[in-house]
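Engineer: Can you keep this structure in mind? I'll have questions shortly.
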Amino acid sequence: MGLNDAVIQELLSHKNNEEVLIAEYDQDNKIFSYIGDIPLFSKFIVTQNEFKSRSTNRVSIVLFKGEVLIKKKYASPRMFFSELFVLYFLRNVKDTPDLKKFNLYNLVTYQTFVPGKNLGSELTRYGISVSDQYQLDVNYNKLKSGNPFNQEINYASFKILMANVIKHDFIPDLYLLLNDIHEKGVIINDLKFGNILTFGDKPFLIDFDRSDICFPKTKKLYYKISEEVKKIDFLFSSFENPESRIYERDANHGGG
């Protein structure tokens, strides 16, 4: 995270079994720091007055037993158990979080912290606000049903993001990661830029609290896999034409 030596020594001075709160994510994936400057998040640090509390799960960065972890406190048992079981199913899938610890009574999980760039946060730097990113989901659902959608989003900013944040092979790697997840019977149900990190030029997927586990080789699984591939098609075809590829798979492969 780029912390200076004094901050690191202060963090390490705490008892080994003591949990130390480092930072907390707000509703827009901005960061409020409890330890001063964090260079990794320097462009996304907010003050306490600017901090927007999350409407669902509380997400923070903590130090526990000498390891930096993501701590999630869930708003509902359903979201807690969804992520708990899904992370177990994905335990051998690279580029997804490892479950380190959980607390059933408090509905809390501790997961590996990945010091990558959040694509949703990066988009805000290039003029695509969080509300615009939400509008992308609305547009996708309208496009699926054949309805007109909001054309006011600055799609040109996506091209800037592509050039400055995402490497050439990032999107093919994202499809491969999605395939690895689907092979475990996991449907993410919440694919969006805010849940995609770029770490070491590779994609890393987070936030599985809305995910489902489907029985293998069922129509429901194949249908949902197809829908998630189309969603990635839509999100990343936005760099060119927001309508260009959403049904390309159906046209070329008979919906398979």
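Engineer: Restricting the first residue to the range 46-61 and requiring it to be touching a residue at least 24 places away in the same chain (Cβ under 8 Å) and hydrophobic (A, V, I, L, M, F, W, C), which pairs with a second residue that is assigned to a loop (DSSP other than H, G, I, E, B) and surrounded by 13 or more Cβ atoms within 10 Å (Cβ to Cβ) meet a Cβ separation below 7 Å and a spacing of at least six or different chains?
Structural biologist: Phe51/Asp26; Ile61/Phe113
Engineer: How many residues does the range 80-113 contain that are surrounded by fewer than 19 Cβ atoms within 10 Å (Cβ to Cβ) and in contact (Cβ under 8 Å) with a residue 60 or more places away in the chain?
Structural biologist: The qualifying residues number 4.
Engineer: A follow-up question, please. Could you list, in sequence order, all residues of the range 46-65 that are under 19 Å from Gly116 (Cα atoms) and part of a loop (DSSP other than H, G, I, E, B)?
Structural biologist: Of everything in the range 46-65, just one residue is under 19 Å from Gly116 (Cα atoms) and part of a loop (DSSP other than H, G, I, E, B), namely Val46.
Engineer: Where residues in the range 32-45 are touching a residue at least 24 places away in the same chain (Cβ under 8 Å) and among the β-branched types (Val, Ile, Thr), which of them is farthest from Leu197 (Cα to Cα)?
Structural biologist: Ile35
Engineer: A further question follows. Look through Glu122, Glu83 and report the one residue that is within 15 Å of the chain's Cα centre (by Cα), in a helix (DSSP H, G or I), at pLDDT 85 or above and over 22 Å from Lys43 (Cα atoms).
Structural biologist: From the options Glu122, Glu83, the qualifying one is Glu83.
Engineer: Right, Pro242: surrounded by fewer than 16 Cβ atoms within 10 Å (Cβ to Cβ) and either modelled with pLDDT under 80 or in the same structural domain as Met79 (by TED's automatic domain parsing) (or both) or not?
Structural biologist: No: the conditions fail for Pro242.
Engineer: Next question, about the same structure. Could you check the range 13-48 and list, in sequence order, the residues that are of a type in the set (Lys, Arg) and modelled with pLDDT of 85 or more?
Structural biologist: Hits for the range 13-48 are Lys30, Lys43.
Engineer: Could you please let me know if Asn179 is part of a loop (DSSP other than H, G, I, E, B) and assigned by TED's automatic domain parsing to the domain that holds Tyr126?
Structural biologist: no
The values are calculated or read from the model by the stated rules, or taken from the named source; none is laboratory data. Because the structure is predicted, anything quoted here is derived from the model rather than measured. So basically every Cβ, Gly included, is an ideal-geometry build from the backbone, and we count neighbours across all protein chains shown.
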